[in-house]
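The values are calculated or read from the model by the stated rules, or taken from the named source; none is laboratory data. Because the structure is predicted, anything quoted here is derived from the model rather than measured. Quick reminder, even Gly has a Cβ in these numbers, built from the backbone with ideal geometry, and neighbours come from all protein chains shown. Note: accessible area is taken over every heavy atom of the protein model, side chains too, but ligands, DNA and RNA are not part of it. Shrake-Rupley method; radii C 1.70, N 1.55, O 1.52, S 1.80 Å.
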Amino acid sequence: MRHTFITTSDIMNIMAVTLGVLSCLGGMAVPVASGWAAASSPTSAARAADMVARMRPEEKLSVLRAFPAPQAEGNDAGAGLLTWPGVPRLGLPALRMPRFDDPHAPASAMPQLPFLALAASWDPALAHRAGVLRAHDEWGRGRAMVRVGGVDLLPSGRLQAGEDPFLAGVTAGMVASGLMAGHVVPVFAALRAEEQGRGDGVVALPATLPAGVGQFMNTSMMGLSVALETARGGAVACGGMVHACGALSGLAGMLRDQWHFGGMLMAMPGALAGTDGVPMAPVTAVADGVDMEQAGGADEGVYAAPLRRALASGAVQPARIDQMAQHVLTSLYGTGVLDHPPPFTRDRKAAAPAGPAPVEGLMADIGAEGMVLLQNENQVLPLDDRNGPVLLLATQDLAGPLAALGAALQHDGIRVSQSIVSRGAPPPPQAAQVARAVVLTDRDADNAFITALADLGGHVVTIMMSDSPDRAMPWLDVVDSVIQAWSWHDEYAAPLAAMLTGTRDFSGHLPMTFTGGFYPPGMAYADYHAFESAHIAPLFPFGYGLSVGGEVSYGDVHVTHEDTTHLGATFSVTDTSDHPVRAVAQLYLTPPPEAGGVKRLVGWRSIALTPGHAAHVSIPVDPHMLGQWDATAGAWSVPAGTYTLSVGSSAVMLMHQASVRLPALHVPATLENLPPPTSQGE
């Protein structure tokens, strides 16, 4: 019986498995251990401090910048990349990285990770594997640092890795841990403009900036802290959509004094400037905690001549430069990238030693685990060829996915016909002659067509192929089955066909609330907290997902309480059907009114069950999740009161609960207090 759960123990077990993946991918050395423990350990910190002590003043300034470097004639391996110069005299190699504000970064053999589909898998081992494979590709192409999405300094809406900071933080952090296993520095970076927004166009940013960092400790900053602790290393970047690293006041104090974060804070190009484009004073940038600047040219940027002048005048002290350089080196030493630098010329063998199969397999598994079955009326799924052929329909924009899915269904023994339809046109004549139709859709403009198709009287399966959580579904009551398949990758075709035909079950769960376009008025976010506060039931809640044939029941919840901060819940999950099922048991905590009162995800466990069998589950609770951030104390404040733990299959489908009375307490914000996740095991 396989389990995946997010609790407090052995992340290193995942590492041990996936390190073997790297060794199979072609000769890249991997660290024995990886993580925040290494990134801020005495060894890494001591190496960084020792190196800084050996540097000359100009060398210390040089490691605070990355900029475009001239390319050798006939070598385009570094085109479009920035170069961190290193210190050749001391054996520190030069390293390359993309511009983290560039939506058109140099091409990679590996597609961008589909974060929402990955988060919908609720599988940290899969996220770690994704990071390992991406590290192999990036390292082989000479890139030492990679931007990781999913979390941000400021609230980022719901379109990166979902709406819950714990789930998003673990997903992003596990990708980052895989990158670190391959000697690539994960950079948790601020949003680019094209990644921001919701289906209704609302941008969920503070009305005025700068804003105090403490006000985001229960949302975006919580996700970042979970990601950093899950990865146990990495770097943070500011800039992106908000073109100033000073957008959050108090950020440096939070990172250094309260989280004890020893790595670097990096500025994207242009981020050390105000909205008017005027560069910051070096004193301001240093005070904001920025350790390294991505600059537009070798002599450009705040940390070039302006910082040298500020240092010469005494406005910036040499000891502060030492701290900044140490932060940069701590992030680099923690990943092993300085000991195992990627090739400066493209290593084609390292970039693709075994062909595309590992990446294709990864993308297929993300599709298989991340697709969510939202509805299945009249037992239309699984499809059975004995019920006649299936008609596949889509607009011209989705002709490629239509053909790929059709071929996969035919391979699985289903007779298929296909029809490309014009947007706004009625269903084709053959639609009235088949018992089952499968329609692929990626926008609201298809809604009238889907309704007209269902009105013909046949069974309709609707496959939604976009990431919008606010997709309108006026046809929901007249179609039989609805599947959320996320933005399409061709590798999804085979697993989707297997799920449609029943050779594989659906197991994905929503990483964000699907509103159908209806959400509480005036809410900046239509997430599950907003619906909970407004006492409104969403169309499909956070954490929701169906199985075609499996059903589970939950046993009573029992609270374990070793001391005031080490809480946990134990319960059983039983497969009550005659089909195997992968359940995602979700644990939510509801604090008393004086501690916020709105329930939040505090853990989950993914369990592969066999018919008639039960699994006994134990999930510890992260003490940071018990209270609210107290900016004055610099800690999490947990008021005395009754705290309720509930278990179920989504944020609103909670079967059993138990309560515990806690005294008032404070939980420090240090990252090492956050429990790393445990992942898939037998």
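So the values come out like this:
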quantity: Gly555 of a type outside the set (Val, Ile, Thr), out of contact with any Pro (no Cβ under 6 Å at 6 or more places or on another chain) and more than 25 Å from Trp486 (Cβ to Cβ); calculated: yes
quantity: Gln375, sole failed condition from (1) under 28 Å from Leu255 (Cα atoms); (2) modelled with pLDDT of 95 or more; calculated: (1)
quantity: Test result for Thr284, part of a loop (DSSP other than H, G, I, E, B) and either modelled with pLDDT of 90 or more or open to solvent by 10 Å² or more (accessible area, probe 1.4 Å) (or both); calculated: no
quantity: First in the stretch 439-460 and under 13 Å from Leu398 (Cα atoms) and touching a residue at least 24 places away in the same chain (Cβ under 8 Å), second anywhere and assigned to a strand (DSSP E or B) and among the small types (Gly, Ala, Ser), Cβ under 8 Å, 6 or more apart; calculated: Val439/Ala394; Leu440/Ala394; Thr441/Ala394
quantity: Residue check, Val316 touching a Cys at 6+ places or on another chain (Cβ under 9 Å), in a loop (DSSP other than H, G, I, E, B), within 21 Å of Glu58 (Cβ to Cβ) and open to solvent by less than 10 Å² (accessible area, probe 1.4 Å); calculated: no
quantity: Filter pass, Ala53 being modelled with pLDDT under 95, surrounded by fewer than 19 Cβ atoms within 10 Å (Cβ to Cβ) and assigned to a helix (DSSP H, G or I); calculated: no
quantity: Any hit, the stretch 428-442, residues being under 38 Å from the mean Cα position of the chain (by Cα) and open to solvent by 60 Å² or more (accessible area, probe 1.4 Å); calculated: no
quantity: Hits in the stretch 589-621 - residues which are farther than 19 Å from Leu654 by Cβ and modelled with pLDDT under 90; calculated: Glu594
quantity: Filter result for the condition that a residue is at pLDDT 90 or above, in a strand (DSSP E or B) and closer than 26 Å to Ala168 by Cα, over Ser659, Ser646; calculated: Ser646
quantity: Qualifying positions in the stretch 550-569 - among the hydroxyl-bearing types (Ser, Thr, Tyr), more than 17 Å from Val652 (Cα to Cα) and part of a strand (DSSP E or B); calculated: Thr560
quantity: Hits in the stretch 627-643 (condition: outside any strand (DSSP E or B) and open to solvent by 10 Å² or more (accessible area, probe 1.4 Å)); calculated: Ala631, Thr632, Ala633, Gly634, Pro639, Ala640
quantity: Residues that are of a type in the set (A, V, I, L, M), assigned to a loop (DSSP other than H, G, I, E, B) and surrounded by 21 or more Cβ atoms within 10 Å (Cβ to Cβ), drawn from the stretch 478-504; calculated: Val479, Ala485
quantity: Any hit, the stretch 527-550, residues being modelled with pLDDT under 90, touching a strand residue (DSSP E or B) at 6+ places or on another chain (Cβ under 8 Å), open to solvent by 40 Å² or more (accessible area, probe 1.4 Å) and acidic (Asp, Glu); calculated: no
quantity: Test result for Gln410, without any contact (Cβ under 8 Å) to a residue 24 or more places away in the chain and either open to solvent by 70 Å² or more (accessible area, probe 1.4 Å) or in a loop (DSSP other than H, G, I, E, B) (or both); calculated: yes
